[in-house]
Amino acid sequence: MLVWSRAGRAGAWAVLALLVGVIYALPAIIIILASVTGQWNGVLPSHFTLRHYANALHGSSAAMLRASIVTGLLASALALVNGSWAALALRNTRPLPRRVLDIVFFIPSAVPSVSVGLGLLVAFSRPPVLLNGTLAIVFVAHFVLVSAYSYGNVSAGLARITPEYEQIAESLGARPWYRLRHVTLPLLMPYLIAAFSLSFALSMGELGATVMVYPPGWVTLPVGIFGITDRGAVFDGSALTVLLAVTALAVLIALSRIPIKAAQR
Amino acid sequence: MAEAVLGHPAAAPGLSVPFIGPDAARRGIGYEGIAVAYKGTIVLADFTLAVRPGEIMALIGPSGSGKTTALRVTAGFVRPLRGRVHIGGRDVTDLPPYARSIGMVVQNYALFPHMPAYENVAFGLRARGAQEATIREQVAACLRMVGMESFAKRYPRELSGGQQQRVAIARALAIRPEVLLLDEPLSALDAQIRLTMLEELSRLHRSLPTLTVIYVTHDQTEALTLADRIGIMRDGRLVALGDCQGLYRRPPNRFAAEFLGRANLLPVTVEAEDAASGLARVRFGAASLMVRRNPEATAGQAALLCIRPHDLRLEPPGPSANSLAASVSEVRWKGDLHDIGFEIGGHRLRLTAAPLRTPPEAGALVNCYFAPEDATLIPEERRG
Ligand SMILES: Nc1ncnc2c1ncn2[C@@H]1O[C@H](COP(=O)(O)OP(=O)(O)OP(=O)(O)O)[C@@H](O)[C@H]1O
Ligand SMILES: [Mg+2]
């Protein structure tokens, strides 16, 4: 929609600002405010403190943050490898098997994550594969949940690379591995980074499935936040939330700064 | 390389007995009965062609006629349904592209965007595990050959179309291929650069006389300028093949006559032939004309008379010239030539001539002339 009149344009911006303000900014502001609140009885907090951050940086929260980051990085990396491999392998297959695998990949992100957690719990709590109560099941849960995004992003990227680059590479004498390593993957780099970033962000915020499967020693931040707020410590929960968001943001910014030579003009 | 040298007489002047053998044709590029289908649609049918070693073969034809497909079969990007491909005497039909030793330049160049020009040119050598010193030497030589040595550090997006094209050619030549496939390499360039590049391609081939080149183009001027022989494609088939002059002067069929250079075509009946003089008498309406004889169009048969626009004259070119009365339908001045349209018994003819001082006016009745040797006969095609 293109708005040409000046008043119309101002109106459009106002609506957009309102939407963004209400939907994105307001909850974020409230959480940030809450994280530094000592007491909040009226419309605005009456007394500010950094105590919640002090709490957050001591005790178990550092371990939670570490659990979240490790889980996020590991699950996203595995999902990226797996998703890229699947997308590359399925690129030249017939439409039917590809459709089927598309669906397999996308189902976990379409059902409630609690159900995914439950499914894994049931599947892996008896032999032959006993993962119940282990770290591995957390990674598996996150891996399953973010796989769709890795696979989807990489396939979209592959579809946009004209086959000519790879064909020329091959005619110049590049065998399949060499070609993959020196042509296909570098050209895919922007999509790989996008896939990893999205997976990591999702994993950092994952609660539903993690709550079902996490072992005692591996509490991720979202699970921790859920537990703390459930016990009524809303302001401590807010401080942890801010911590989670800042960490995720820092990793995403770092990822976005990886130089991409393949960037087109 | 030694094999290719043997096959090329110009490159082996000392050789008293040039290589002649039953598979001489296969030493360049040989296609035997190639058929290719995309999703069940045949796009190349019974494609048979022998490209001689060291030759530049132009493939021309309208869009969709299968030219690119023929190149893709050569490089191994598509597998033919039937038929065999030979390169340098080797059957490569079942070889993957990386084992074929082919240099290819595609229409949009497809330079690797994530590598500077130098690395693009070095790619093939690195992929083959060449020594760093060899790579440096070879890449420098190839970049110099195309005049791009000062652009080695630039990324493709920092190069103009013509510069990208040069790098693409250098990249293809760096692996010292036996065969260079060029798919409309000049189509993205403007007319001025196209002419320069055409000359440079000629020069390049003179410096690499053993290199067999297939040059795909829409543009008949490029084909006529650069190629030793021309193959004309239509609907996935090779419909004409010959050396440039022969194909231009004596097109074997109507399609070839119209596609390679514009031709004036008139329906005639062959009246008599004279094998001794090489001429035949044909009838066009009431006029009786002497033309070059075609053994495939014998007395009594219908045929097409083919005259190139620049062979039609307003003055008789000699005592034996044929003459046709025609009415001028349009006169166009195009700077370096006059382009005159005639109407003759319901048929349209074109004449081009160096700019005329007193061009005829539209509507005027004039005689136009042509020499018997400038007119050829195309046998009437059998209708299927
Ligand atoms: N990947 C493909 N899938 C299906 N059909 C294809 C494919 N590539 C080409 N074709 C079809 O094959 C036929 C021949 O194509 P080709 O590219 O060889 O033509 P061309 O002579 O190179 O044409 P142009 O001059 O336009 O480049 C065309 O009808 C085209 O539509
Ligand atoms: Mg083409």
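Within the range B:114-137, the residues that satisfy the criterion of being within 13 Å of chain A (Cβ to nearest Cβ) and either open to solvent by 40 Å² or more (accessible area, probe 1.4 Å) or within 31 Å of the chain's Cα centre (by Cα) (or both) are B:Glu119, B:Asn120, B:Val121, B:Ala122, B:Phe123, B:Gly124, B:Leu125, B:Arg126, B:Arg128, B:Gly129. Listed conditions (1) open to solvent by 20 Å² or more (accessible area, probe 1.4 Å); (2) within 30 Å of B:Arg144 (Cβ to Cβ) are all met by B:Thr48, apart from (2). When B:Gly147, B:Gly88 are checked against the criterion of being in contact with a helix residue (DSSP H, G or I) (Cβ under 7 Å, 6 or more places away or on another chain), more than 8 Å from chain A (Cβ to nearest Cβ) and surrounded by fewer than 19 Cβ atoms within 10 Å (Cβ to Cβ), a single residue qualifies: B:Gly147. Among the residues that make up the range A:192-209, is at least one of them without any contact (Cβ under 8 Å) to a residue 40 or more places away in the chain, at negative phi and β-branched (Val, Ile, Thr)? Scanning the range A:192-209, I find no residue that is without any contact (Cβ under 8 Å) to a residue 40 or more places away in the chain, at negative phi and β-branched (Val, Ile, Thr), so the answer is no.
Scanning the range B:357-367 for any residue that is among the small types (Gly, Ala, Ser) and either modelled with pLDDT of 90 or more or in contact with a His (Cβ under 6 Å, 6 or more places away or on another chain) (or both) turns up nothing. Among the numbered conditions (1) surrounded by 20 or more Cβ atoms within 10 Å (Cβ to Cβ); (2) under 25 Å from the mean Cα position of the chain (by Cα), the only one that B:Glu184 does not meet is (1). If we scan the range A:144-152, do we find a residue that is assigned by TED's automatic domain parsing to the domain that holds A:Val219 and within 16 Å of A:Tyr214 (Cα to Cα)? Scanning the range A:144-152, I find at least one residue that is assigned by TED's automatic domain parsing to the domain that holds A:Val219 and within 16 Å of A:Tyr214 (Cα to Cα), so the answer is yes.
The condition of being assigned by TED's automatic domain parsing to the domain that holds A:Ser109, in contact with a helix residue (DSSP H, G or I) (Cβ under 6 Å, 6 or more places away or on another chain) and within 30 Å of A:Thr49 (Cα to Cα) holds for only one of A:Leu240, A:Leu158, A:Leu198, A:Leu249, that being A:Leu240. Scanning the range A:192-229 for residues being open to solvent by 60 Å² or more (accessible area, probe 1.4 Å) and at pLDDT 85 or above gives a total of 3. If you scan the range B:43-78, which residues turn out to be part of a loop (DSSP other than H, G, I, E, B) and within 13 Å of ligand 1 (Cβ to nearest atom)? Of everything in the range B:43-78, those that are part of a loop (DSSP other than H, G, I, E, B) and within 13 Å of ligand 1 (Cβ to nearest atom) turn out to be B:Gly61, B:Pro62, B:Ser63, B:Gly64, B:Ser65, B:Gly66, B:Phe77, B:Val78. Of the residues making up the range B:52-59, not a single one is at pLDDT 85 or above, closer than 21 Å to A:Gly173 by Cα and away from ligand 2 (no atom under 16 Å from the Cβ).
Taking the range B:79-113 as the range and being at negative phi, away from ligand 2 (no atom under 16 Å from the Cβ) and outside any loop (DSSP other than H, G, I, E, B) as the test, the residues that pass are B:Arg82, B:Arg84, B:Val85, B:His86, B:Ile87, B:Arg90, B:Asp91, B:Pro97, B:Tyr98, B:Ala99, B:Ile102, B:Gly103.
Taking the range B:93-113 as the range and being open to solvent by 40 Å² or more (accessible area, probe 1.4 Å) and within 14 Å of chain A (Cβ to nearest Cβ) as the test, the residues that pass are B:Leu95, B:Pro96, B:Tyr98, B:Gln107, B:Asn108. Would you confirm, using the coordinates I've provided, whether A:Arg51 is within 23 Å of the chain's Cα centre (by Cα) and charged (D, E, K, R)? Taking the combined requirement at face value, the residue does not satisfy it.
The values are calculated or read from the model by the stated rules, or taken from the named source; none is laboratory data. Keep in mind that this is a model prediction, so the values were computed, not measured. All Cβ positions, even for glycine, are placed from backbone atoms using ideal geometry, and neighbour counts span all protein chains on display. Just so you know, the surface numbers come from the protein's heavy atoms only, side chains and all, with ligands and any DNA or RNA stripped out. Shrake-Rupley method; radii C 1.70, N 1.55, O 1.52, S 1.80 Å.
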